[in-house]
Amino acid sequence: MGYPHQPHPRETPVLSKYFGDAGAKTYEGWVQRGGYKALEKALSMDRQKIIEEVKESGLRGRGGAGFPAGLKWSFMPKEKARPHYLCCNADESEPGTFKDREIMRWTPHAMIEGCAITAHAIQAEITYIYIRGEFTEPIAIVEQALAEAYDNGVLGANAMGTGNRIDMYIHRGAGAYICGEETALMSSIEGRRGNPRIKPPFPAARGLFGMPTTINNVETLAAVPHIINEGASWYKSFCLSNPKSTGTKLLSVCGQVRKPGNYEVVMGFPLKDLLYDLCGGMREGRTLKACIPGGSSVPILNREESEACLLDYEGCVESGTMLGSGGVIVFDDSADMVYQIMRLAHFYAHESCAQCTQCREGTAWMTRILRRMLAGDGEMKDLDLLLDLSEHMTGRTICPLCDSCAAPVVSGVNKFRDEFEAYIGRSKSAAVMAV
Amino acid sequence: MQQATEYEPVFTGGQREKLDRIIERYPNKQAALLPALWMVQYARGWISQDAMTEVADVLDLTAAYVEGVVTFYTMFHEHPVGRHFVQICTTSPCNVCGAEDVVAAFLKHTGCGELGATSPDGKFTVIETECLGACGFATPVLIDDDFIESVTPEKVAGLLEKYR
């Protein structure tokens, strides 16, 4: 449902069905709502069959990259020679995104059940749930849910009486956006600075503690029990546009819109309908100026592009952006795009782990240029400098944080150039030239 | 050299037992570093050089290594802060909804004056923080461990009453 609003008839609540329903938080309540049936079924299934089912469903990573989940699992060694690990990525920090928080707050057992099924499929005895440090409430709720799952024999050395060991622990982050990047998250669990690592080796070969590891986002894992219960073809049937994008997606809508919240729709849903119908459109007297559909790391769309965009992996690429994490940031005609783009650049500069030169220097440099422009010291050549810089910041570093900084800056300069030029036109140097 | 005040260790008795149970979750002691640092911060309010040395000793690390990790994570305090630590999200989605006005209201009503400063009565430290992950509930504010949604400048004075 469009939590915190009443569900909209055009939503398809699968993951969000119990958002706002406090009864779903407890083990008892979850079992009453059909919980842990999928785990019971999965524990009696052949591991390979579980992986095939998830592959067949078309489920793709909901954290941002959109990598097919079943395919990722299939990279894990079939013969277990060393410990295997599962990491649940609950470091939700992508500006504009707040869906995993809602999954953990209302349906912690959905995430735990998804983790347990996945852990079984990839032969992981231990799962670490990495929750960002600021999520004090979700941490407390998941802690309580884990305790209940242990008390009821769902987890532990003899999970659901099957003799399988499925242990699950929370690892609390401590304030670092970069720890949402999969290898940085593993560094952080290992008690290191959250520095991303060069790939390959990929986590399935050498991940956490150097062992084969799978890492999935909360929303991805929470979808797994539904696929096991209802089957791959049921899940695949949720598709409005491209058959490569299946299932439902939680879209976190925020910014300058009448009804911000989490809306769950079928893949391929039009962004226009999400904004104007489900979210009630713009505030009184305002019109849409821009929208970032996939969290702040993807290119900004202008109004025309937003109104034509279909919300699935391919549809967003066709519109020149990405579905990312599904964090939909809305800007109306009152937004100062130069200032907001500076805030985004500032975010990446603040969150850079500082390993790679292009990122450490580039994100800070972009922020300085934008601040200078806002302070009235901008020059026309700064716009070219921003675009030139961004080329050197894209595809050249260990992780994509640097690219993520360039995306909103480049799209912003290209699509809202008049706003940048207006700042430069009012600048001190322009005033001198006019004299 | 004699220390001015004796450092009192955090990891004794129950706290030590608690940490030992956490260490069991991981294949090595180093992985318990973030949990150990959180325990220190909850016990002392911040993480001093002496505390870093203690953590290093307990986990078979070096103090320099521990410091390297402490400085990476923004939530760990390397210096004492006010009794209540206020973090206000000012990243774009909240920013366009007026987050900077919320910051101004907190600075005014706490008496902190400027970001990162502690109020003269020692009760509050206010900082801007990057995305708190609750963008649909602009502006989210974290006061100690209390996560508060949809804060507006008008609500600030009333909110602070609880912490005075």
Contour minus end-to-end for residue A:144 and residue A:45, with contour as 0.36 nm per residue of separation and end-to-end as the Cα-Cα distance?
32.8 nm
At a Cα cut-off below 16 Å, give the lysines reachable from residue A:428, other chains included and same-chain residues fewer than 8 away excluded.
A:381
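Listing A:91, A:377 from the residue with the fewest other Cβ atoms within 10 Å to the one with the most, what is the order? Before the final figure, lay out the partial values.
Values: A:91 30, A:377 15.
Result, fewest neighbours first: A:377, A:91.
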Which of A:403, A:46 has the fewest Cβ neighbours within 10 Å, and the rest in rising order:
A:46, A:403
Can you give the average number of partner chain beta-carbon atoms within 10 Å of each beta-carbon in peptide A:94-101, as a whole number?
6
Could you work out the relative contact order of the stretch A:307-360, using alpha carbon pairs under 8 angstrom and six or more residues apart, expressed as a whole percent?
16 percent
Compute the FRET efficiency between residue B:25 and residue A:417 as 1/(1 + (r/R0)^6), taking r as their Cβ-Cβ distance and R0 = 60 Å, and round to the nearest 0.05.
0.70
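Please work out how much length the chain gains when fully extended from residue B:157 to residue B:104, using 0.36 nm per residue of separation minus the C-alpha to C-alpha distance, in nm with one decimal.
Numbers: separation 53, 0.36 × 53 = 19.08 nm, distance 1.17 nm.
Answer, rounded to one decimal: 17.9 nm.
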Report the residue, chosen from A:313, A:348, A:276, that carries the largest GNM mean-square fluctuation when chain A is represented by alpha-carbon nodes joined by springs under 10 Å.
A:276
Per-residue average of Cβ from other chains inside 10 Å of A:111-120:
0
Sequence-separation-based contact order of chain A, relative, with Cα cut under 8 Å and 6+ spacing, percent
17 percent
Under 23 Å Cα to Cα from residue A:259, which lysines show up? Leave out anything in the same chain fewer than 8 places away.
A:17, A:99, A:249, A:272, A:289, B:155
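Report the gain in length on full extension from residue B:115 to residue B:150: 0.36 nm times residue separation, minus Cα-Cα distance, nm rounded to one decimal. Don't jump to the answer; show the numbers that get you there.
Details: separation 35, 0.36 × 35 = 12.60 nm, distance 2.07 nm.
Full-extension gain reported as 10.5 nm.
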Helix A:108-121 versus the longest principal axis of chain A: what is the Cα-based angle in degrees, 0 to 90, to the nearest 10?
70 degrees
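Rounded to the nearest 0.05, what FRET efficiency do residue A:391 and residue A:336 have when you use their Cβ-Cβ distance and R0 = 30 Å?
Values: r = 26 Å, r/R0 = 0.86.
After rounding, the FRET efficiency stands at 0.70.
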Selected from A:113, A:102, A:143 as most flexible by GNM, with chain A as the system and alpha-carbon contacts under 10 Å:
A:143
If one computes the Cα centroid of the stretch A:86-136 and of the stretch A:346-414, what distance in Å separates the two points?
31 Å
Can you give the FRET efficiency to the nearest 0.05 for residue A:276 and residue A:165, using r as the Cβ-Cβ distance and R₀ = 41 Å?
0.25
Loop only per DSSP, at most 14 neighbouring Cβ atoms within 10 Å: give me the chymotrypsin sites (Phe, Trp or Tyr not before Pro) in the stretch A:1-81, ordered by residue number.
A:75
Principal-axis tilt of helix B:49-58 within chain B, Cα atoms, nearest 10 degrees:
50 degrees
Listed residues A:22, A:38, A:90, most fluctuating in chain A (Gaussian network, C-alpha, under 10 Å)
A:22
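Computed from the coordinates by the stated procedures, all read-outs in this text should not be read as laboratory data. Here the structure is a predicted model, which is why all the values come from computation and not from measurement. Note that each Cβ is placed from the backbone with ideal geometry, even for glycine, and that neighbours are counted across all protein chains shown.
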